Structure formats: structure tokens, C-alpha cells
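This report refers to the structure that appears directly beneath it.
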Amino acid sequence: MSAQKVVVTDTAVGDDSLERELAEREGAEYHHWDGSSDLADLLDGADVVLTNFVPLGPDELSRLPKDAVLIRYGIGVDNIDLAAAADAGLRVCNVPDYGANVVADHATMLTLMLVRRVVAFDSAMHRGETPKAAGIGTIDSLESRVVGLVGAGRIAQLTASRLQALGCTVLAFDPYADADALREKDIELVTWDRLLAESHVVSLHLPLTESTYHLIDDDALAAMREGAYLVNTARGGLVDHEAVERALGSGHLGGAALDVTEPEPLPADHPLRSRADVILTPHTAFYSTESMARLQSLAVDEGRRALRGEDLRAPVPLPDRGTTR
Ligand SMILES: NC(=O)c1ccc[n+]([C@@H]2O[C@H](COP(=O)([O-])OP(=O)(O)OC[C@H]3O[C@@H](n4cnc5c(N)ncnc54)[C@H](O)[C@@H]3O)[C@@H](O)[C@H]2O)c1
């Protein structure tokens, strides 16, 4: 029997020693894509693929054998064409629990920075100015703010508990959530219209899918309160960035804090980069020493189960495509 094959397409962890050791221990071939060769060729016949941000579509996925396992370093699986994976009879896993707390920290920090207008003060101080607090615009207390979470899963709930500790009232919109379970956490599940109309800050915590693409568009922004803020630590494709520019330009949107954008990276001359009312971080919400260590070890553990034919810990449901090969 020929050796199994493990391929790492890319990893934000930086060091692939655990993946290499796994392959060696299990007697599998090991390859780490260097970005220059043809990825589809490298993936040909791979049994286990660990992947982070590289887009994987039909060209790449059709080269994998039926039942091959794709493991996403992270939570969102939107870099993998799930329909193509289903067509090819593949299995897809993610690592749902490696660092939800740091993403919640990041979303909370961005909310605080917007509401407390940290960037305006900081920029002025760095320019040698000492602005008066009253001269910078409206600054409200966190205890009077309503934050609307779109998506009420793991990260949203951790964000809610942080914001509640600061005094915020938390609403959520999530068509699949359990209202009673959320009520026990003092999170009120509301309609989409109510969330937009009542929230001073709208924070996104849902997956990017065909149906959630550009969920935040001109209409959604117009339905938000005058001067409200938008925070996105989920996925860039959830937001129509041109609509955000229009809403900021008219003053209807008070500011935006975006960890994720469309595209990534945002081009150097993108208009959002030069706006003082936009806070940008380069998709780093997930990153901490601890979360990266957990991400790598949980992904490698899943890889070991895949190579040994054991049950997978975190399989992602794939679209039903009728027949699979
Ligand atoms: N910026 C980063 O570094 C980073 C890191 C990790 C995760 N993420 C993103 O954060 C998102 C949330 O992660 P999570 O761990 O909380 O996931 P989760 O699966 O625990 O929660 C997602 C929630 O979104 C809800 N949802 C699905 N469709 C919806 C819709 N149309 N409208 C409203 N809600 C909807 C689901 O019911 C679920 O409760 C992920 O999808 C991922 O894209 C970003």
C-alpha cells in the first residue's frame, strides 16, 4: 500500500514542525506548498490537506481522492468551495474552539475605540495637538449604548459578556438561535429591522455564505441609527464597502472598525485606508500566542484522526448535492 499524503497549503501559525512530525510519525508523505508551484498538481492524491486562507475551488478539490479530509486552520470555511468539496466526496473540518475569546476581545476593543473616539484623540496628540474632550464630537458612555450582534454563536456570546461587563445592553439577530438560551445570558433576540433601528453599534459575528454576502448594504446602513458604528470581525464579504463609504460620506454612519475586508489585503490606495473615521486591522482578531498554539495542535490532532481513519472531531456539514463520487 502506498504512503498517505499530507499537504499544508498555507498556515498563519508560521511554523509547521507539528504537521511535519505528524506525517513522519504516521508514515505519510509531507508537502508544504511554497506558493510558486501549481497547487492543484501538489494536491493530486492528497489524503489530508491543512489549509488557512488559500482559496480552494473545483480545480484543486477535484484532484483529491474521495473521502480525503480538508482541515481549515480556523472557524470560517469560506475559502473552501463547499459545493465542489461535496461534489468530490470530500470531508471538511474546522477548528471551532481555538480562539473565540481573542476575537471577542478584538471586537470589544474596536467597539470601545469607536465609542470612546480613541483614534481622533491619539492622532491629534501624535500631531502635537492637545484637543479638548468636548471638541472631538459626541462621546457617550458605554453604559448607555446598545450593541446589536449579528449572529449569536460562540464569538458573539463571548463579545456580549465583555460588553455587558462595561454596561452595554446587548441585542442579537440570528435566525437559528435559541431565544430562551440567549435570554439567560441577558441577550435579547430581535428582528433584523429592530436590531438595525435600535443599535448604536452593529457588530458582525456570522459566517460568510452566498446568502449573507453583502448583508450590510445601502439599505441596511440606511436602516441603522444616525451616527451608529459598524464593527466587522467576521468576514469582509458580509459588507458592501462602497456602501460603507457612501454612508460615512453622508455622515449617517458614525464610523467603522474592520478587521476583515473585501478584498484582503485592502489595496494600498483603497479609500477606506485614508478615512479618519475608519479603524482597520489586517485580519488579526484571531491572533495571539495562545490561540495560535491551540489552533495548530487541534488541527494536527484532527489530521492524525483523519490519517488513522478515526471519527473526526469537527466536521462541517456540506451542501447536499444528491450524488457524490
Ligand atoms: N477575524 C478573525 O480573525 C476571525 C476569527 C475567527 C472567526 N471569524 C469569523 O467569525 C464568525 C463567527 O464565528 P463563531 O465562532 O461565533 O461561529 P458560530 O458558528 O459559533 O456562530 C455563527 C452564528 O451565526 C449565525 N448565523 C448564520 N447565518 C446567519 C444569518 N444569516 N444571520 C444571522 N446569524 C446567522 C449562526 O446561527 C451562528 O449562531 C465566523 O463565521 C468567522 O467567519 C473571524
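The values are calculated or read from the model by the stated rules, or taken from the named source; none is laboratory data. Computed from a predicted model, the values in this text were never measured in an experiment. Glycine also receives a Cβ, built like all others from the backbone with ideal geometry; neighbour counts cover every protein chain displayed. Note: areas computed on protein heavy atoms with side chains; ligands, DNA, RNA excluded. Shrake-Rupley method; radii C 1.70, N 1.55, O 1.52, S 1.80 Å.
Couple of notes before you dig in:
- Fully extended contour minus Cα-Cα distance, from A165 to A134, at 0.36 nm per residue: 8.6 nm
- GNM flexibility winner over the chain from L206, L307, L196 (Cα, springs under 10 Å): L307
- Evaluating 6.51 cos²θ - 1.76 cosθ + 1.60 at θ = phi - 60° for every residue in segment 71-86, the Karplus couplings come out as 10, 8, 5, x, 9, x, 10, 6, 7, 9, 6, 5, 5, 5, 5, 5 Hz, glycine and proline recorded as x.
- Candidates A124, A220, A257, ranked by Gaussian network fluctuation over the chain, Cα under 10 Å, top entry: A124
- Of the trypsin sites (Lys or Arg not before Pro) in segment 157-225, the ones in a loop by DSSP (not H, G, I, E or B) with at most 15 other beta carbons within 10 Å are K185.
- When you filter the GluC sites (Glu not before Pro) in segment 213-285 for DSSP loop state and at most 12 other Cβ atoms inside 10 Å of their Cβ, you are left with E226.
- Ordering E21, E143 by accessible surface, largest first, gives E143, E21; the 1.4 Å probe counts only protein heavy atoms, with every chain in place.
- Amide H partners (placed H, <5 Å) of G255, local residues excluded: L230
- Per-residue Karplus couplings for segment 167-180, computed as 6.51 cos²θ - 1.76 cosθ + 1.60 with θ equal to phi - 60°, are listed in order as x, 5, 8, 10, 10, 9, 10, 7, x, 10, 8, 9, 4, 5 Hz, Gly and Pro entered as x.
- Accessible area in square angstrom per residue, segment 281-325, 1.4 angstrom probe: 58
- Sparsely packed trypsin sites (Lys or Arg not before Pro) within segment 58-133, loop by DSSP, other Cβ within 10 Å at most 13: K66, R127, K132
- Summed over the residues of segment 117-243 and divided among them, the accessible surface reaches 51 Å² per residue at a probe radius of 1.4 Å.
- With a 1.4 Å probe rolled over the protein heavy atoms of all chains, the accessible area of L56, L208 falls in the order L208, L56, largest first.
- Among G167, G151, G254, residue whose mean-square fluctuation peaks in a GNM of the chain (springs only between Cα atoms under 10 Å): G167
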